[in-house]
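The values are calculated or read from the model by the stated rules, or taken from the named source; none is laboratory data. Predicted model, so just to flag it, every value in this text is computed and none were measured. Heads up, the Cβs are rebuilt from the backbone with ideal geometry, glycines too, and the neighbour counts pull from every protein chain shown. Please note that ligands, DNA and RNA were not included when accessible areas were found on the heavy atoms of the full protein model with its side chains. Shrake-Rupley method; radii C 1.70, N 1.55, O 1.52, S 1.80 Å.
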Amino acid sequence: MFVRRLKSILQISEDKRFAELATGLEQLGRSVIALTADADQLAQARRFQSAAVLRGFAEEEAAKVLILLDIARCGWGDDKSVSSCMRVFYQHLGRGLYVKAYDGKPADLAEVAGYIDGFRDDLYLDGPTEVDWVFRNPVLEERETALYVDYVETESGERYWTGPEARAAVFDEPYMHTAPTCNAVTLVCAMARSGLLTELGLQATRDVWGGAAIAVDSMRWQRDLVPLNKAVVDAVIDQGGVPADVGQKDRRNVVQLWIFPLSSLDLTAVKVDVKDLQQERAKYLEKEYGIGG
């Protein structure tokens, strides 16, 4: 058995690919729902370390769903977008950026790009003056701190152990209420319950987006994207693909939370030299506080 072979689906005839993708999408949907439910139970029991692990897995699996749906939205004929999606499917940072992109309701794709670009640097400066310390990429740091115990060293040479226990002590334990479910997970759960993560859902998505009269780069949220999302849901309903017990809230979440396809965006890490950050800090401190001049 050979793993990480999503790209081999291109060896299947195009008319059978959605059926193959749908098998995976349905499994992913069930997995996201189960992981989220278990994470919520653990969080309510104040078992925050375990809850964070399951929540992180749910988010990454949700990102996989949204990546595969972007293949359907862009179409098999868009080789560049398909290749991008299949590459990001296996990248921790890329999946994390998908989840971040769904944090809000962006006006257009340019707004999404500008937002997630802020999470691509592998190192960055932050602190009380905005330049005090060097930190690693926040998406990867958040993921790995929830999963692993590690021995780390700061820029100044301080060394210490960190991991899930320390993360929970800062981000979970001081609060009465648990962290809300992220939009990406909420959306994917709604999609799963609404019948979109099926061959019928994939084909409806392709049919609607294949007939879109405007390029993704020119789309606006309320004017263009929301009607397309509604058209996909309506198409699945018309063909009997939405279970009878699905509520309006799930359908509304699909229409309102499903943002623009991200396949055209660069979701790779930006390499940053720590020396460049140190020079940036020195210039900032001299300009703002007259330090080091």
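Counting only protein heavy atoms and using a 1.4 Å probe, the accessible area of Ile214 comes to about 60 Å².
Counted residue by residue at 0.36 nm each, then reduced by the alpha carbon distance between them, the extension gain from Gln239 to Lys7 reaches 80.6 nm.
3J(HN,Hα) couplings calculated from phi for the range 207-224 with the Karplus curve 6.51 cos²θ - 1.76 cosθ + 1.60 (θ = phi - 60°) are, in sequence order, 4, 5, 6, x, x, 5, 8, 9, 5, 4, 4, 9, 5, 10, 3, 6, 6, 10 Hz; Gly and Pro show x.
Relative to the current alpha-carbon distance between His92 and Asp273, full extension at 0.36 nm per residue lengthens the span by 63.0 nm. When the GluC sites (Glu not before Pro) in the range 139-181 are filtered for DSSP coil states and for at most 16 other beta-carbon atoms within 10 Å of their beta-carbon, the remaining sites are Glu155, Glu158. Taking a straight Cα-Cα cut-off under 20 Å and skipping sequence neighbours fewer than 8 places away in the same chain, the lysines within cross-link reach of Lys271 are Lys100.
Kindly express, to the nearest 10 degrees and within the range 0 to 90, the angle between helix 48-74's C-alpha long axis and the longest C-alpha principal axis of the chain. It is inclined by approximately 50 degrees. Here the Karplus curve 6.51 cos²θ - 1.76 cosθ + 1.60, taken at θ = phi - 60°, turns the phi angles of the range 278-285 into couplings of 5, 5, 4, 4, 4, 5, 5, 5 Hz, with x standing for Gly and Pro. Ignoring chymotrypsin sites (Phe, Trp or Tyr not before Pro) that are buried or in helix or strand per DSSP, and keeping those with at most 16 other beta carbon atoms within 10 Å, what is the longest stretch of the chain between them? The answer is 176-293.
Placing a label point 7 Å from the Cα of Arg46 along the Cα-to-Cβ line, the residues of the range 154-188 whose backbone N sits under 16 Å from it are 168-179. Between Val270 and Asp121, Asp122, the built amide H atoms are under 5 Å apart, and every one of these is 5 or more places off in sequence or on another chain. Computed from phi, the 3J(HN,Hα) profile of the range 157-174 under the Karplus parametrisation 6.51, -1.76, 1.60 (θ = phi - 60°) reads x, 5, 10, 6, 8, 9, x, x, 5, 5, 4, 5, 5, 8, 9, 10, 4, x Hz, with x in place of Gly and Pro. Largest first, the residues Thr162, Thr268 sort by 1.4 Å accessible area into Thr268, Thr162.
Shape analysis of the range 1-136 places it in the oblate category; the axes a ≥ b ≥ c from the Cα gyration tensor give an a/c of at least 1.5, with a/b not above b/c. Can you compute the modelled spin-label distance between Gln248 and Glu173, with each label point 7 Å from Cα toward Cβ, in nm? It is 4.4 nm.
Measuring with a 1.4 angstrom probe and ignoring ligands and nucleic acids, Met86 comes out at about 10 Å² accessible. Taking 0.36 nm per residue of separation and subtracting the Cα-Cα distance, full extension of the segment from Trp161 to Asp117 would add 12.9 nm. The trypsin sites (Lys or Arg not before Pro) found in the range 241-293 that occupy coil by DSSP, while having at most 13 further C-beta atoms within 10 Å, are Lys271. Could you give the angle, 0 to 90 degrees to the nearest 10, between helix 248-257's Cα long axis and the longest principal axis of the Cα atoms of the chain? Roughly 60 degrees between the two axes. Ordered from highest to lowest accessible area with the whole protein assembly present and a 1.4 Å probe, His177, His92 read as His177, His92.
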